1. Restricting attention to region 130-155, and to residues there that are acidic (D, E) and surrounded by fewer than 16 Cβ atoms within 10 Å (Cβ to Cβ), which single residue is nearest to T201 (Cα to Cα)?
2. Evaluate the following for K101: is it under 29 Å from I217 (Cβ atoms), in contact with a Lys or Arg (Cβ under 9 Å, 6 or more places away or on another chain), part of a loop (DSSP other than H, G, I, E, B) and basic (K, R)?
3. Quick one: in region 97-106, of everything that is touching a residue at least 60 places away in the same chain (Cβ under 8 Å) and crowded, with 16+ Cβ neighbours inside 10 Å, which residue is farthest from A162 (Cα to Cα)?
4. Quickly run through region 118-174 and pick out the residues that are of a type in the set (A, V, I, L, M) and either assigned to a loop (DSSP other than H, G, I, E, B) or not assigned by TED's automatic domain parsing to the domain that holds D105 (or both).
5. Take the residues in region 166-185 that are out of contact with any Gly (no Cβ under 8 Å at 6 or more places or on another chain) and at pLDDT 95 or above, then tell me which one is surrounded by the fewest Cβ atoms within 10 Å (Cβ to Cβ).
6. Being outside any strand (DSSP E or B), among the β-branched types (V, I, T) and either free of Cβ contacts under 8 Å to residues at least 40 places away in the same chain or within 22 Å of G80 (Cα to Cα) (or both) is true for just one of T196, T191. Which residue is that?
7. Here are L84, L146, L140, L92: which of them is touching a helix residue (DSSP H, G or I) at 6+ places or on another chain (Cβ under 6 Å) and hydrophobic (A, V, I, L, M, F, W, C)?
8. Considering region 82-98 alone, what residues qualify as being more than 12 Å from the chain's Cα centre (by Cα), part of a helix (DSSP H, G or I) and either of a type in the set (G, A, S) or assigned by TED's automatic domain parsing to the domain that holds V166 (or both)?
Amino acid sequence: MIIEILLAVVIGLLLVLICLVLKRGRVEPKDIEFAISSVWKESGLDEKIGRLATYAEDIRDDYRSLEQMLRVPIERASLGEIALEKILSDQLPPDMFGMRKTILDRKVPDAHIKSTVGAICIDSKFPLDNYRKMMEAEDLKEKETLKKQFLRDVQGHLNKVADDYVCPQSGSAEFAFAFIPSESVYHFLVTEAYDTLRRYTSRGVQAVSPLTLSHKIELIKAGVHARKLSEQAEQIRNDIARLSQRFAEIDKNWQIFYETHLRNAERKAQELDKAYQGLREEFDKIARLSGD
């Protein structure tokens, strides 16, 4: 927008100056001043620049508000929970996850996912104070000191996640997620503290960013769907087994009925037919005698 305004001003000035040159044959300083004043007024540049200044001030105010929120741990934690809930609600049905629900012997994680291996707890209260200070520090020695403090904060937080939320004996999965709401912080840890993250992964704590959490959720969903398909296949097998057993019982009863009753009835029918045929022959003889 600024470039468009400046371009319009330049074109306007050139047109005015060309007109003056064509009219007078030369350009005086006062002519340039007059041209600038005319273009300034006719283009409404005062109003446009005023609006730009207002917009810029609004942006600065919004940035200061957001920066202030990120400096306060409680506000920052709320933003992390909001981002986490958005990811979960976008990718999972409501019956597959919960936010701030009491589970696992009355523990309340920021979120949890219901999976085939138990409740996967997610903690979003990642310590970022010393990381922010480290990024703002200009002195290299101070920056290195803050880096060490931040990495100690990370280890302490991952220890807490492991102790609170990795408890298969209480119904959790064998792992939990430590949600880092910033891709840049996650990249920093993967680059500067890879061995630390790998060590805690062996204890069941996986540090995840918004992007990596989304990938893991898709894998969890695939596992749940596979489990449901397996359960449905098992149900079908059980139904077929029950049907087969029922058929065997019916077949047994039919064989008994056929051998005991139908065969006896067949024999009785044959005997009756034979007696009937004999009796009919006698009646035929009598009829023939009567005819003679």
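1. Applying the filter and picking the extreme gives E144.
2. When the stated conditions are applied, K101 does not pass them.
3. Across region 97-106, the extreme among qualifying residues is I103.
4. The answer is L128, A137, V166, A173.
5. First pass over region 166-185, keeping only residues out of contact with any Gly (no Cβ under 8 Å at 6 or more places or on another chain): 167, 169-170, 177-178, 180, 182-185.
With at pLDDT 95 or above added as a condition, the list becomes 177-178.
On the way: F177: 27, A178: 24.
Top of the filtered list is A178.
6. On inspection, the qualifying residue turns out to be T191.
7. On the way: L84 fails: touching a helix residue (DSSP H, G or I) at 6+ places or on another chain (Cβ under 6 Å); L140 fails: touching a helix residue (DSSP H, G or I) at 6+ places or on another chain (Cβ under 6 Å); L92 fails: touching a helix residue (DSSP H, G or I) at 6+ places or on another chain (Cβ under 6 Å).
That would be L146, the only listed residue that is touching a helix residue (DSSP H, G or I) at 6+ places or on another chain (Cβ under 6 Å) and hydrophobic (A, V, I, L, M, F, W, C).
8. Answer for region 82-98, where residues must be more than 12 Å from the chain's Cα centre (by Cα), part of a helix (DSSP H, G or I) and either of a type in the set (G, A, S) or assigned by TED's automatic domain parsing to the domain that holds V166 (or both): just D95.
The values are calculated or read from the model by the stated rules, or taken from the named source; none is laboratory data. These numbers come from a predicted model, not from an experiment. Reconstructed Cβ throughout: ideal geometry from the backbone, glycine too, with neighbour counts over all protein chains shown.
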